[in-house]
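Everything on this sheet refers to the single structure shown next.
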Amino acid sequence: MSQAALPPLREELRLLPAAPNPDGSPAWMVQDPVNNRFFRIGWIDFELLLRWAHGTPRTIVEEVNAETTLHVDEQEVQDLVRFLDHHCLLQPRSEQAVELLRQRAAALKPGAWQWLLHHYLFIRIPLVRPQLWLAQLASALDWLFSAKAAVAVTLLSVLGIFLAARQWETFASTFLDHLTWSGIVGYAMALSCAKILHEMGHALMATRLGVRVAHMGVALVVMFPMLYTDTSESWKLKNPRQRLAIASAGIVTELALAGLATLAWSLSPDGAFRSAMFFLATTSWVLTLAINASPFMRFDGYFILTDILDLPNLHERAGALARVWLRRVLLGFDEPWPERLPGRRNGWLIAFALFTWAYRLVVFLGIALLVYHFFIKLLGIFLLVVELVWFIARPVWSEIGVWAKRREEIKPSRKKIAWLLLGFLGLALLLPWQTHVQGAGWVHPERQYPVYSPLSGRLVALPSPGKVAQGQELFVVESPDLRLAADRASGLAQARARELVGLAGLPEGEQRRTSIQSQRDQFLAEAQLYEQEQSRMKLTAPFGGVLYDLDPQLAPGVWVNPRQLLATVVDPAHWVVDAYIAEADIARVRPGDKARVQAGPHSVSFLSGHVTEVDTARTTALPHSILDAQSGGPILTLSAANKSERHAENAPRDAIYRVRIALDQPVASNQMQVGEVVISAQARAWLPSALKRIASVLLRESGF
């Protein structure tokens, strides 16, 4: 029985050697220059392609089995035919084949909306074709790629880190001081410089290893400009270490720049040069460690990991494995694995894919919010929806569509488990089971009286620390100015009184009596006023309690002023907590609700109490610095850069409301402290409250 001849391969395809597979077997690359795609094949596929023009599948199988140590069958030839046909690597031999290619091309051709979305999300703009001057520059900078230069840069960078660590507080405060508009301009300039050197690192390393750099330019990722270097031909390198060198050259360049800039900042005096070095150091460290080194996006870290593992298309292969794993575990599909890697690599790739999905979800949500806030409101809402639909909803809906098409394959036991899980999820979303409201709290006595002198004066008497009774005299302060003024007024009043006595019998005495008597009354009133002011200088306890915080520098004869705290009277029998609750939860709190307070971060005991007051207006200023995050407290406050004239000194950043809680028992330590408050408030279902918050945000943002 005769067999049909194999369809011919496209003439422009190229077969190039590649690095061996992880098991040591040889590998090759099939390059499609028209579509700029390449495909990795193994030894069996290579031997079959070498004999492709020899006729039928049977002929090729017989030749391979006779001339090599391999043992193949005709099924492997048919599998290779399907692979080549699927990727359009065969010549069309009939009108039907040509028409099929046209249909595939039309299907791959994006529509107007898809083209617009793709080019809004990612646009490449080539600027230069640098191959000629890159070769000259690589030759001139050959010394930079020597072992001596690497050792020198490493030692200098370590020295810079060591010196910066010794003045870390100055380094950190410099970062906060530069969070201004002028500082943002400086960071932008440093970022541009760092990225140019980053891309030059890739380009020079590729040129040294004989890889052509087709072009360099700017890529707009969600309208944000980023430089890029086209080193796509690095796959031609057989040695994975050489590909790794090209992929890591940008990060190595930025790390070297960061280390040298840190050293220059540590050794430079204050001025413009030191500020420039600070900008270079911080942007290089942050971009390298936080962004470029991440393997979860298609940045340098991803290509470095791909070359280390020698696993091309790492994201796609890991994603395919993770999707099959989900279908097998959740739905019970008996689906074959896309590939089986040696050892535990399949499990590691599945975990890598799941973490990548979670990481990208956070990143894409952040990008969506970023584009919403950076553009005008109407355009921002449209771009926000595009980000959420294209990056998040579309892949999820695509996978759910696969599940729906294959729903008949789902095992009955998995369907029961799925319905039970959906039922529990519905109950968790709709039933009001969330009863607790949490917030930071300030534990302090209900009654505490700071003792200040009303006027400047000299101490005459002062108490000892300890218990005091209500009305007990604490401090006696004497004001010489008041005493002098009182004595003067009394003396003048007495003089006017003697003058009144001398008017008796004088012809004009009765006419002057009224004026002099009025002056005497005025001086008497002034003397009485001064005496009353002097009596205020005798400071007494407004209630019974304990005297704390007595200034040890006080003694009889020492002068004090009205802004100087002399001591504090505290009633240790009654303690309260001022809890600060978020705006979203304050409506659930009512007077009488039970509360628990964990006083101190390391405390294992709780204080119990009940709510007595709930403020109806938001807190505009914290009552004590112990609550301020800038002083080590739990509540974030506005920084100086974000604070306007209408804000208080320690204004909270978020909308919070004060809730007063009366404790059932005194605090054993008798000290003010910060604690975590848990209030047993009105129960709330998660889904209705979430929908309510979403609706409020939509209403708030709907005004154009």
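The values are calculated or read from the model by the stated rules, or taken from the named source; none is laboratory data. Remember, predicted model here, so these are calculated numbers, not experimental data. FYI the Cβ positions are ideal-geometry reconstructions off the backbone, even for glycines, and counts take in every protein chain you see. Note: areas computed on protein heavy atoms with side chains; ligands, DNA, RNA excluded. Shrake-Rupley method; radii C 1.70, N 1.55, O 1.52, S 1.80 Å.
Annotations
- Modelled FRET efficiency - R0 41 Å, L100 with L159, Cβ distances, 0.05 increments: 0.05
- Probe 1.4 Å, protein heavy atoms only - accessible area per residue of the chain in square angstrom: 59
- Mean separation of Cα contacts under 8 Å (6+ apart) over length of the chain, as relative contact order %: 10
- Inter-part distance, segment 432-477 to segment 130-151, computed on C-alpha centroids, equals 72 Å.
- Within the chain: Cβ-based charge dipole about Cα centre, in debye rounded to nearest 20 (Lys, Arg +1; Asp, Glu -1): 1020
- Among the protein heavy atoms of segment 224-272, carbon and sulfur supply 64% of the accessible surface, probe 1.4 Å, non-protein parts ignored.
- Among T637, V569, S696 the positive-end extreme of the charge dipole of the chain (Cβ point charges): S696
- With K and R counted +1 and D and E -1, the other residues having a Cβ less than 13 Å from that of H54 yield a net charge of -2.
- Full-extension gain in nm, Q470 to R394, via 0.36 nm per residue minus C-alpha separation: 20.1 nm
- In Å², nearest 10: area of L191 left accessible to a 1.4 Å probe: 50
- Computed over segment 223-289: relative contact order in percent, which uses C-alpha pairs under 8 Å that are six or more apart: 30
- Each of L314, L691, L550 has its accessible area taken with a 1.4 Å probe; listed largest first, they run L691, L550, L314.
- Neighbours of A5 by Cβ distance under 13 Å: Lys/Arg scored +1, Asp/Glu scored -1, total +3.
- Taking the helices alone, the chain has a mean residue ellipticity at 222 nm of -15500 deg cm²/dmol, built from -39,500 (n - 2.57) per DSSP H run of at least 4 residues and averaged over all its residues.
- Residue-count net charge about T306 - beta-carbon cut-off 14 Å; Lys, Arg +1, Asp, Glu -1: +2
- Take W143: with every protein chain present and a 1.4 Å probe, its accessible area is about 150 Å².
- Cubic angstrom per residue, convex hull over Cα atoms of segment 183-295: 113
- Cα-Cα P(r), the chain, percent of pairs per 20 Å interval: 11, 29, 29, 17, 8, 4, 1, 0, 0
- Simple spin-label estimate for E339 and L421 gives 2.8 nm between the two label positions (7 Å along the Cα-to-Cβ direction from each Cα).
- Potential lengthening of the chain between I291 and T435 amounts to 47.9 nm, from the contour at 0.36 nm per residue minus the alpha-carbon distance.
- Taking all protein chains together and a 1.4 Å probe, the residues M226, M189 rank M189, M226 from largest to smallest accessible area.
- Rounded to the nearest 10 Å², the accessible area of F333 at probe 1.4 Å: 10
- Segment 317-457 - percent of accessible surface contributed by carbon and sulfur, probe 1.4 Å: 71
- Take every pair of alpha-carbon atoms less than 8 Å apart whose residues are at least six positions apart; their mean separation over the length of segment 269-421 yields a relative contact order of 18 percent.
- Extending 7 Å from the Cα toward the beta-carbon at both A582 and E67 defines two label points whose distance is 7.1 nm.
- Here the spin labels are modelled as points 7 Å beyond Cα on the Cα-Cβ line, and at R298 and L144 they lie 2.7 nm apart.
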